[in-house]
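The values are calculated or read from the model by the stated rules, or taken from the named source; none is laboratory data. All values reported here derive from a predicted model rather than from experimental measurement. Every residue, glycine among them, receives a Cβ derived from its backbone with ideal geometry; neighbour counts consider all protein chains shown. Side chains are part of the model used for accessible areas, which takes the heavy atoms of the whole protein and leaves out ligands, DNA and RNA. Shrake-Rupley method; radii C 1.70, N 1.55, O 1.52, S 1.80 Å.
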Amino acid sequence: MVSERLSQLKPSPTLEITAEAKALKAQGVDVIGFGAGEPDFDTPAHIKDALYKAVEEGFIYYTPTPGISELREAVAEKLKHDNGIDYASDEVIVTPGAKQALFEAVMALVNPGDEVLIPAPYWVSYVPMCQIAGGRAVPAATSSEQGFMVSAEDLEGSITKRTKLLILNSPSNPTGAVIDRNNLLEIADLCIKEDIIVVSDEIYEHIIYDAEHVSIGSLPGMRERTVTVNGFSKAYSMTGWRLGYAAAPREIIKLMSNLQGHSVSNATSFVQKAGVAALRGSQDCVAEMTAEFRRRRDRIVELLNEIPGVDCPMPDGAFYVFADFRGVEADSMKLASLLLEEARVAVVPGVAFGEAGEGFQRISYATDMEKIEEGLGRIEKVVRRMK
Ligand SMILES: Cc1ncc(COP(=O)(O)O)c(C=O)c1O
């Protein structure tokens, strides 16, 4: 009765774990959730004020499909200023979340049978997006010894005549790895040589610590073959607002806009006004949130490395640690279930991000320090009992 294409899709394992932890909490069980992929801060006041004002002023109608010109211009300015990429405002599309921008980009670029290279471990939605487009997702494993930072070498062996697209995500969810300039230059050369288009998911751009964020679209010869995707969810703690964007050559943006016009129409009108306030207002809020994330990152890495059998490298970006638990239990799903049952702590098993993540656990530190200390104490107790 239902579509074969959609029947193949599996629900997002990260959302599943979060839902399971929430259900336990609702039953009164004291669960500490490290599964969440969203900042735990409030949206900054000046951004909320811009939304209230837009609603008060009656800015409540449909907008142009690719977004209001004020926001498209603000995005183009941001990409020039922060990322060193020159886009005209009509090479920008505003979308309901970066996820929608990624989906539209994949749909605009992938033909049935095309192969899409995805460095692994990878964010959970890239593979389903390729499947919906009729493409074949080809995971390219990165190595834990290199901190999961993807290199041209990791990709080379998986390239075939059918390789059309590469999806990059730096800083990375789930590993926190940031691709450095040298590696990115080599990847860019490879993409030019092999005629591969890049979708660059830069949603964690601002949540970065001692590393430098480089946009692949800014590298020589790459602007014409890159779709740069970003959004407001992580940098401004606006996950529920649903606002993101993509920038790319006009031909691609036009197709994405057609798809958006026939599906979700446009990002919510007054949310777009708030997006302008976020980009044009003070960026102090971003720096403050990142400073707090840094404090938590340092502490959680320290606590994890005190647990026997656990090895946790220091991630350069995002708000996750990807810790190696193979010295405790190599089956990440089994361990995550055990931790939920016995420690009442929700983490996401590494295998949810592809085979390359097996043996690891993703632990989000988008939660307060008290819960981090309590949760890690509980994990340590259960692990010591297993030893
Ligand atoms: C790597 C990555 N890309 C994209 C998204 C989607 O962001 P948005 O909330 O803007 O749709 C997320 C959210 O978890 C993410 O982790």
key: FRET E, pair Lys80, Lys387, Förster distance 56 Å, beta-carbon r, rounded to 0.05   = 0.55
Heavy-atom accessible area per residue - segment 60-280, 1.4 Å, Å² = 38 Å²
inquiry  = Per residue of segment 279-284, what does 6.51 cos²θ - 1.76 cosθ + 1.60 with θ = phi - 60° give for ³J(HN,Hα)? Whole Hz please, x for Gly and Pro, Karplus curve as stated.
reply    = 6, 8, x, 4, 9, 4
key: Glu355-Val264 FRET efficiency (beta carbon distance; Förster radius 51 Å; 0.05 resolution)   = 0.95
note = Row for segment 228-387, column shape: gyration tensor on C-alpha, a ≥ b ≥ c, rounded if a/c < 1.5 i.e. under 1.5, prolate if a/b over b/c, else oblate; value prolate
key: Separation of the Glu224 and Leu6 label points, Cα + 7 Å toward Cβ, nm   = 3.9 nm
note = Here, Glu373 and Asp49, labelled 7 Å along Cα→Cβ, have an inter-label distance in nm of 3.5 nm
Order of exposure, largest accessible area first, which applies to Lys99, Lys80 with probe 1.4 Å = Lys80, Lys99
request  = At 0.36 nm per residue, minus the direct Cα-Cα distance, what do Glu145 and Lys254 gain on full extension? Give it in nm, one decimal, please.
outcome  = 35.1 nm
inquiry  = Heavy atoms of the protein only, probe of 1.4 Å, neighbouring chains included. What is the accessible area of Tyr87 in Å², nearest 10?
reply    = 10 Å²
query = Size of the dipole of the chain about the Cα centre, Lys and Arg at +1 and Asp and Glu at -1 on the beta carbon, nothing else charged, in debye to 20?
reply = 840 debye
task = Could you state how much accessible area Tyr52 has, in square angstrom rounded to the nearest 10, with a 1.4 Å probe and all protein chains kept in place?
result = 130 Å²
Dipole moment magnitude, nearest 20 debye, segment 151-236 about Cα centre, only Lys, Arg, Asp, Glu C-beta charged = 380 debye
Accessible surface ranking that places the most exposed of Arg297, Arg225 first, with a 1.4 angstrom probe = Arg225, Arg297
task = Before anything else, pin down the relative contact order of segment 280-329: Cα pairs under 8 Å, at least 6 apart, normalised by residue count, whole percent.
result = 28 percent
ask   = Remind me, relative contact order of segment 1-156 in percent, using alpha carbon pairs under 8 angstrom and six or more residues apart?
value = 17 percent
inquiry  = Heavy atoms of the protein only, probe of 1.4 Å, neighbouring chains included. What is the accessible area of Leu71 in Å², nearest 10?
reply    = 0 Å²
query = Of Lys48, Lys25, which has the most accessible area and how do the rest follow, probe 1.4 Å?
reply = Lys25, Lys48
query = Of Leu255, Leu243, Thr63, whose Cα points farthest to the positive end of the dipole of segment 60-280 (charges on the beta-carbon: +1 Lys, Arg; -1 Asp, Glu; origin at the Cα centre)?
reply = Thr63
request  = Report the percentage of all Cα-Cα pairs in the chain whose separation exceeds 40 Å, rounded to a whole percent.
outcome  = 13 percent
key: Beta bridges by DSSP in the chain, antiparallel share as percent, to the nearest 5   = 45 percent
note = For the chain, the longest principal axis of the Cα atoms and the Cα long axis of helix 13-26 enclose an angle in degrees, to the nearest 10, of 60 degrees
task = Please work out how much length the chain gains when fully extended from Glu288 to Asn111, using 0.36 nm per residue of separation minus the C-alpha to C-alpha distance, in nm with one decimal.
result = 59.4 nm
task = Report, largest value first, the span of the C-alpha coordinates of segment 60-280 along each principal axis, in whole Å.
result = 50, 41, 30
message = Just to be sure I understand the model, the point goes 7 Å from the Cα along the line to the Cβ. What's the resulting Lys25 to Ala330 distance in nm?
response = 3.5 nm
query = Which value, in debye to the nearest 20, gives the size of the charge dipole of segment 279-387 about its Cα centre, when Lys and Arg are +1 and Asp and Glu are -1 at the Cβ?
reply = 140 debye
query = To the nearest Å, what is the center-to-center distance of segment 307-373 and segment 119-164, using C-alpha atoms only?
reply = 22 Å
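Wrap a convex hull around the Cα atoms of segment 148-199, take a quarter of its surface area, and give that in square nanometres. Please report the intermediate quantities before stating the final value.
On the way: hull surface 13.8 nm².
If I average the Cα hull's projected area over directions, I get 3.5 nm².
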task = Would you mind estimating how fast segment 246-297 diffuses translationally, via Stokes-Einstein at 4 °C and 1.567 mPa s with the Kirkwood radius over Cα pairs, in µm²/s?
result = 93 µm²/s
note = Taking placed amide H atoms and a strict 5 Å upper bound, the residues 5 or more places from Thr226 or on another chain that come that close are Val198
ask   = Considering only protein heavy atoms and a 1.4 Å probe, what is the carbon-and-sulfur percentage of the accessible area of the chain?
value = 50 percent
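Please give the FRET efficiency for Ser158 paired with Asp42, using the beta carbon to beta carbon distance and R0 = 56 Å, rounded to the nearest 0.05.
0.85
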request  = Quick one: angle between helix 98-109 and the longest Cα principal axis of the chain, in degrees between 0 and 90, rounded to 10, please.
outcome  = 60 degrees
remark   = From DSSP H assignment alone, runs of 4+ in the chain each adding -39500 (n - 2.57), the sum over residues rounded to the nearest 500 puts [θ] at 222 nm at -12500 deg cm²/dmol
